[in-house]
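Notes to accompany the following structure.
Just so it is clear, none of the values below were taken in a lab; they were calculated from the coordinates. This one's a predicted model, so the numbers in the text were calculated from it and none came from an experiment. Glycine gets a Cβ as well: all are built from the backbone with ideal geometry, and neighbour counts include every protein chain shown.
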Amino acid sequence: MEIVLATSNVGKQRELAGLLAPLGFDLRLAREFGLASAPETGNSFVANAEQKARYVARGSGLPALADDSGLEVDALEGRPGIYSARYAGVGASDAANNARLLAELAGVPPAARTARYRCVLALVRSAEDPAPRLGQGSWEGRIALAPAGSGGFGYDPLFIPEGYSQTVAELPPTLKQALSHRARAAYDLMAQLQVRGLGRADQESWAR
């Protein structure tokens, strides 16, 4: 079943395609339908994920999946939060966002640099779907003193998961795939769809 993914982030597309493979969804990017970036005017991850999913479903005429995720840093009262992708400004690069985060945490000791990645996945059958399916997940950790590693994207070079001494950018991609906030949100979503027994007839029934 074709599902339109409300993102232009190839890293997210690759990660979600792998995580949701058991569903048998064919994830297509919104840009394939000539859609501009979805609006993000909500005040929470849930609101933004739903907004993006409905926007893409309306523009494509197909079921849609949207991800809204970000980093919450305790010493910054939860920032950058829903503004994670544009923390250093609209269109900012990952490097620029990371640099701003480090600048704001200058002088904060390691023990006080606790943080978490959060993710909400919203799946809608149509733009007017009255009951979106929401998968939610979080991944606890802390912010490193300097970037390390070349893998991943976003704040991965700075985020050290709980129980590890390396940043996500230094960990094997398969490990991130299994443990990340996006993975946990995907597992939550799949559990709601009873993926372990989900056959094609069930998928078609859901799509209707």
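For region 2-207, the Cβ-based charge dipole about the Cα centre amounts to some 120 debye (Lys, Arg positive; Asp, Glu negative; other atoms uncharged).
DSSP beta bridges confined to the chain are antiparallel in about 80 percent of cases. Over the chain, the Kirkwood radius and the radius of gyration, each from Cα atoms, give a ratio Rg/Rh of 0.98.
With θ taken as phi - 60° and the Karplus curve 6.51 cos²θ - 1.76 cosθ + 1.60 applied, the whole-hertz 3J(HN,Hα) list for region 53-70 is 5, 5, 4, 6, 5, 5, x, 9, x, 10, x, 9, 10, 10, 10, 10, 8, x Hz, x standing for glycine and proline. Here the relative contact order of the chain, from alpha carbon pairs under 8 Å that lie six or more residues apart, stands at 19 percent. In the elastic network of the chain, a GNM with C-alpha springs shorter than 10 Å, the most mobile of Ser84, Ser126, Ser93 is Ser93.
The sum of -39500 (n - 2.57) across all DSSP H runs of n ≥ 4, divided by the residue count of the chain, sets its helix-only mean residue ellipticity at 222 nm to -9000 deg cm²/dmol. Axis angle, to the nearest 10 degrees, between helix 94-104 and the longest C-alpha principal axis of the chain: 50 degrees. The string of couplings for region 164-177 from the Karplus curve (6.51, -1.76, 1.60, θ = phi - 60°) is 10, 10, 9, 6, 4, 5, 9, 7, x, x, 5, 6, 4, 4 Hz, one whole number per residue in order, with x for Gly and Pro.
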